[in-house]
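I have placed the structure first, in the form of structure tokens, so that the comments after it can refer back to it.
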Amino acid sequence: MIKINISSKTINNFKIQVLSNFYNDKNKKIVFKKEEDNKVKWSIDIGAINRLIKRKLKNYPKEIDLEKLITLDYKELCDLKDFIDKNKSFTELNKTQKDYFYTLYQRLKKSEYIKDLDITVCPYCNRNYIFNFKKSNSLKATAQLDHFFDKSTYPYFSISIFNLVPSCQTCNQRKSKIQNDIYHPFIEAFNDDVKFKLKLKDCKFYYDKDSLEIEKKILKNEDKVNSHIKTFNIDNLYEEHKDIVLELIQKAQIYNESYIDELYQKYEGTLFKNREDVLRHITGGFIEDKDINKRPLSKLIKDISEELELI
């Protein structure tokens, strides 16, 4: 829910990974191919796929090849999408040509890409972990890669880095081919435009989660915020976490300012490096915006904790 900073190193590593399908370890050109039933279904080299791209996109004002497709930034991606939408008759790929791009995507080492991005929580919902894990001495990804512009409609973008958003399975399935106006995690932050708020229904809110509701305060971009919330079913999903909000209400009563200071003074240099460590220990979430993508539900915890003046 915060903007993911995608570095030039991450982009370069991703580009090298995709292009390695066309080059060997000695940087010599090789043929990229797909086999089925021990037979070559198709094969293509880097020169041929670049000629295909240039032929199909020949009327586009900028020259595009495979390397450029891989590294298009979001604005460039949108510009090319608009061009494709307006010129479907001659940009359309046949079944085999689409399969070139789909197969490049299928052979991605997704865990390496996710590791480079250095995120551990779904950026769409901030609710599920998407970290890597080791299996048989290799990294495996729990995340799925959402094609922001779906690959069946835009096969060219199957391996465009700004079109590949790591997400949890729930969000990827919810979004699917939907082209609603939602937040793209590489360029903007849902966190900047909305705050979770607490609504008390009756006086039992200190011990009964059904006596409270989780609401939103929209700061700007109301239509986009609501579209994002609807696409990923955030209202209904977050209703299942009212127990966490209830615990924060209780903690706000227990951990007053003087008690927090006492804990910090007592354990500074042993359990806690700074006061933020104490607050993270109390709330169970990260308390700075820049760290929201490190632990599930950190935005909810941070917003409610601020409202309760716990942090």
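The values are calculated or read from the model by the stated rules, or taken from the named source; none is laboratory data. None of the values given here were measured: they were computed from a predicted structure. All Cβ positions, even for glycine, are placed from backbone atoms using ideal geometry, and neighbour counts span all protein chains on display. To get the accessible areas, we keep the full protein, side chains included, count just its heavy atoms, and leave off ligands, DNA and RNA. Shrake-Rupley method; radii C 1.70, N 1.55, O 1.52, S 1.80 Å.
Taking the Cα centre as origin and putting +1 on Lys and Arg beta-carbons and -1 on Asp and Glu beta-carbons, what dipole magnitude results for the range 242-297, to the nearest 20 debye? Please list the in-between numbers first.
Working: 9 positive and 11 negative charges, 41 e Å.
In debye, rounded to 20, the range 242-297 gives about 200.
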Quiz item: Using θ = phi - 60° and the Karplus form 6.51 cos²θ - 1.76 cosθ + 1.60, what ³J(HN,Hα) does each residue of the range 148-153 get, whole Hz, x for Gly and Pro?
Solution: 3, 9, 4, 6, 5, 7
Practice problem: Could you point to the residue in I64, S111, S298 farthest towards the positive end of the chain's charge dipole, with +1 and -1 charges on the Cβ of Lys/Arg and Asp/Glu respectively? | Solution: I64
Quiz item: What residues from the range 11-41 fall in the zone where the backbone N is under 19 Å from a label point 7 Å along the Cα-to-C-beta line of D99?
Solution: 21-22, 31-41
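How do the peptides 296-304, 169-177 rank, highest first, by the average count of neighbouring beta carbon atoms within 10 Å per residue?
Details: 296-304: 23.9, 169-177: 15.9.
In decreasing order of mean packing, 296-304, 169-177 become 296-304, 169-177.
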Quiz item: Can you pull out the cysteines in the chain that have no other Cys Cβ under 4.7 Å?
Solution: C78, C125, C171, C203
Quiz item: If you take the charge dipole of the chain about its Cα centre, with +1 on Lys and Arg Cβ and -1 on Asp and Glu Cβ, which of F286, I53, S167 is farthest toward its positive end?
Solution: I53
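Can you list the GluC sites (Glu not before Pro) in the range 36-116 that are in a DSSP coil and have 16 or fewer other beta carbons within 10 angstrom? Working shown, then result.
Values: sites: E36, E63, E67, E76, E92, E112; in loops: E63, E92.
For GluC sites (Glu not before Pro) across the range 36-116 that sit outside H, G, I, E and B with at most 16 neighbouring Cβ atoms in 10 Å, the list reads E63, E92.
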Practice problem: Please report, in Å, the Rg and the Dmax of the range 109-226, where both are computed over Cα atoms only. | Solution: 17.7, 57
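Let me spell out the model: positive unit charges on the Cβ of Lys and Arg, negative unit charges on the Cβ of Asp and Glu, origin at the Cα centre of the range 1-95. What dipole size does that give, in debye rounded to 20? Could the numbers behind the result be given before it?
Numbers: 22 positive and 14 negative charges, 39 e Å.
Dipole of the range 1-95, to the nearest 20 debye: 180 debye.
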Quiz item: Angle between the Cα long axis of helix 74-86 and the longest principal axis of the chain, 0 to 90 degrees, nearest 10?
Solution: 50 degrees
Exercise. For volume of the Cα convex hull per residue in Å³, several values are listed as (i) 174; (ii) 160; (iii) 125; flag the one computed from this structure.
Key: (i)
Quiz item: Helix 298-307 versus the longest principal axis of the chain: what angle, 0 to 90°, nearest 10, using Cα atoms?
Solution: 30 degrees
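Checking the table K110/K216; K204/K273; K3/K110; K95/K177; K195/K266; K140/K177 against a 30 Å threshold on Cα-Cα, which pairs fail?
Check vs 30 Å cut-off fails for K110/K216; K204/K273; K195/K266.
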Quiz prompt | Loop-located GluC sites (Glu not before Pro) in the range 204-257, at most 15 other Cβ atoms within 10 Å (DSSP) | solution = E240
Quiz item: Quick one: putting +1 on the C-beta of Lys and Arg, -1 on the C-beta of Asp and Glu, what dipole do you get for the range 97-229 around its Cα centre, in Debye to the nearest 20?
Solution: 460 debye
Quiz item: Between the range 266-311 and the range 55-111, what's the alpha-carbon centroid distance in Å?
Solution: 43 Å
Quiz prompt | Separation of the N87 and D118 label points, Cα + 7 Å toward Cβ, nm | solution = 3.9 nm
Self-check item: Carbon + sulfur, % of accessible area of the range 249-303 - ligands and nucleic acids excluded, 1.4 Å
Solution: 45 percent
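Within the range 13-74, list the trypsin sites (Lys or Arg not before Pro) lying in a DSSP loop whose Cβ has at most 16 other Cβ atoms in a 10 Å radius.
Values: sites: K15, K26, K28, K29, K33, K34, K39, K41, R51, K54, R55, K56, K58, K62, K68; in loops: K26, K28, K58, K62.
Listed in order of number, the matching sites are K26, K28, K58, K62.
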